[in-house]
Structure formats: structure tokens, C-alpha cells
Amino acid sequence: MPTSEGRLMVLLNDIVTIDLSETQRVSERIRTMLLSLRAEHDLAPCEYTRRVRIAPGEISHSHPVLTLNTMVREESALLSLYLHEQMHWYVTWYSHAHHDGWKTIWAALLDRYPNVPVVFPEGAHSAQSSYLHLIVNWLEIEATAGFLGREKAVEIAAKNFVYSGLYRIVLADWDALATLYGDHGLTPIHPATAMTDHDLEIAARMDEATTDALRDEMPAGKDWSAAP
């Protein structure tokens, strides 16, 4: 026989209607936009993961499952965001597969930008994540330009509120960073379609290769913990 608490819960369930239609609507909008983009463009070379979550209210992130929020309104902005998260997978692969190049790039960024923006939205919450996004943001723009043209890719990046200070650095120092990344094999971007299953397993790891060996070279007095 139900307890009084149980009867109360049944009663509440009888009179409370929970409407998820808006959550479903905005999620379906992003799903439709992404499917449209994939139909219009051959995104396969940039898709290091094919698993995508759509999560209203969450911050978009790359791992363990590529997750998109529902804040974007335009397909071009969604494409840039999608490629940004895919580039995190690519960078994870590169950091483990080309560790010497990864360490050299990281050291060069530390030397070139001793006071990288950290505080959100200019930076990425921590110095380590901000330096990482000097790489990821550059790759995002490069990948987006391959589909929408450089002018549009730069326009999207310049308007981005999140990591705005890091995007400004990347755009201002584009050529120097292109040389750095090209000299160490980060670019041209190695297509996902040319990767082995083992390569893609590396890309799926939760963290980039360690930079502990470089901590003595990092500017003192900063929080090097990973960003959320």
C-alpha cells in the first residue's frame, strides 16, 4: 500500500506537466544545421570524431564526446564552432604523435607571449588552456577558411566573444604562427580520412601530451591548471 509520501508524489505527478518542447526545438535546430553543413561541405577530412552531443545550457567542448550548445544562430558560426572542437581532437593526436614538435611549439609560444590573456572571455580561464587555444584557434580559422573562404573565417573569429583576446593575437600574428606550426609539422592539417584507427584512438584521449618538462620555462606566478 502506498505511503502518504508516495500518494503525494503520485498526486504531484498527476497535476504537474513538464514541457521539454523548447529544449527539443533548439536541439533539433542545431542538429538540422549541422546535417545541412555536412550535406553542403565534405567535412570528413576534419572530423576526427563522428560522435556529437547537442546539449542546451552546456559549454561546448571536445572530449570525451564532442558537445555543441545551442547558442549559435547561423550555420557559418556553427561550422566554425564544430571545427574548433574537432581541432582539439587533432591537436591531441599531434601532441602525442609528434611530441618533440609539440614541445618546441609550446616553448616558442611561451617565449613569444609571456603574458597571454587568461581571464575569461579574453582568455581561456588558465594560462595552459590559453596557450593551447593559440594553437586550436589558429587551426579553427584555417579549417573554416577551407570551406567558407578566409575573409568569412576571419570575420567569424573576430566577432567571437569567447577567447576574444586569443583570437586577436592569432589574427594579428597569423603569418608568424603559420611559420611556427608549419615548421614543426602541425600544418598542413593532417586529414582525419588519412588517419589510422590507432591515430583516432590517440585523438580521443582526454588530454594533450604533457608539458611538465616545460614548466621551468613558464612565467612564474600563474595558474597552470587546465581550464574547465
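What the table below lists for this structure:
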{"item": "Scope segment 30-55; condition of a type in the set (Lys, Arg) and in a loop (DSSP other than H, G, I, E, B); matching residues", "result": "ARG50, ARG51"}
{"item": "Flag for GLU58 being touching a strand residue (DSSP E or B) at 6+ places or on another chain (Cβ under 8 Å), in a loop (DSSP other than H, G, I, E, B) and within 30 Å of THR210 (Cα to Cα)", "result": "yes"}
{"item": "Unique match (being in contact with a His (Cβ under 7 Å, 6 or more places away or on another chain) and either assigned to a helix (DSSP H, G or I) or farther than 21 Å from THR179 by Cα (or both)) among VAL136, VAL154, VAL119, VAL91", "result": "VAL136"}
{"item": "Inter-residue pairs, beta-carbon under 7 Å, first under 16 Å from LEU166 (Cβ atoms) and in segment 130-156, second outside any helix (DSSP H, G or I) and small (Gly, Ala, Ser), 6+ apart", "result": "SER130/GLY123; SER130/ALA124; HIS133/ALA124"}
{"item": "Of residues in segment 161-216 being among the aromatic types (Phe, Trp, Tyr) and over 14 Å from GLY101 (Cα atoms), the one surrounded by the most Cβ atoms within 10 Å (Cβ to Cβ)", "result": "TYR163"}
{"item": "Set THR196, THR144, THR179, THR211: member being modelled with pLDDT of 95 or more, β-branched (Val, Ile, Thr) and in contact with a helix residue (DSSP H, G or I) (Cβ under 6 Å, 6 or more places away or on another chain)", "result": "THR144"}
{"item": "Residue match in segment 148-159 (condition: buried (at least 22 other Cβ atoms within 10 Å of the Cβ) and not hydrophobic (A, V, I, L, M, F, W, C))", "result": "no"}
{"item": "Scan of segment 55-80 for residues that are among the aliphatic types (A, V, I, L, M), in contact (Cβ under 8 Å) with a residue 12 or more places away in the chain and farther than 18 Å from LEU43 by Cα, ordered by number", "result": "ALA55, ILE59, VAL72"}
{"item": "Residue check, ARG51 surrounded by 15 or more Cβ atoms within 10 Å (Cβ to Cβ) and of a type in the set (Lys, Arg)", "result": "no"}
{"item": "Per-region count, segment 65-104, residues within 12 Å of the chain's Cα centre (by Cα) and surrounded by fewer than 18 Cβ atoms within 10 Å (Cβ to Cβ)", "result": "2"}
{"item": "Options GLU201, GLU155: the member that is modelled with pLDDT of 95 or more, more than 18 Å from HIS88 (Cα to Cα) and of a type in the set (Asp, Glu)", "result": "GLU155"}
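Each row is one residue, and each column tells you yes or no for (1) among the aliphatic types (A, V, I, L, M); (2) closer than 27 Å to LYS152 by Cβ.
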{"site": "SER60", "(1), (2)": "no, yes"}
{"site": "VAL72", "(1), (2)": "yes, yes"}
{"site": "SER76", "(1), (2)": "no, yes"}
{"site": "LEU81", "(1), (2)": "yes, yes"}
{"site": "GLU85", "(1), (2)": "no, yes"}
{"site": "ALA97", "(1), (2)": "yes, no"}
{"site": "GLU122", "(1), (2)": "no, yes"}
{"site": "LEU132", "(1), (2)": "yes, yes"}
{"site": "VAL136", "(1), (2)": "yes, yes"}
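Yes/no matrix, rows are residues, columns are (1) of a type in the set (A, V, I, L, M); (2) farther than 21 Å from ASN160 by Cβ:
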| site | (1), (2) |
| --- | --- |
| CYS46 | no, no |
| PRO56 | no, no |
| ASN69 | no, no |
| VAL72 | yes, no |
| SER80 | no, no |
| GLN86 | no, no |
| TYR94 | no, yes |
| THR104 | no, yes |
| LEU109 | yes, no |
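The values are calculated or read from the model by the stated rules, or taken from the named source; none is laboratory data. These numbers were taken from a predicted model, which means no experiment stands behind them. Because the Cβ atoms are built from the backbone with ideal geometry, glycine has one as well, and the counts that use them run over all protein chains shown.
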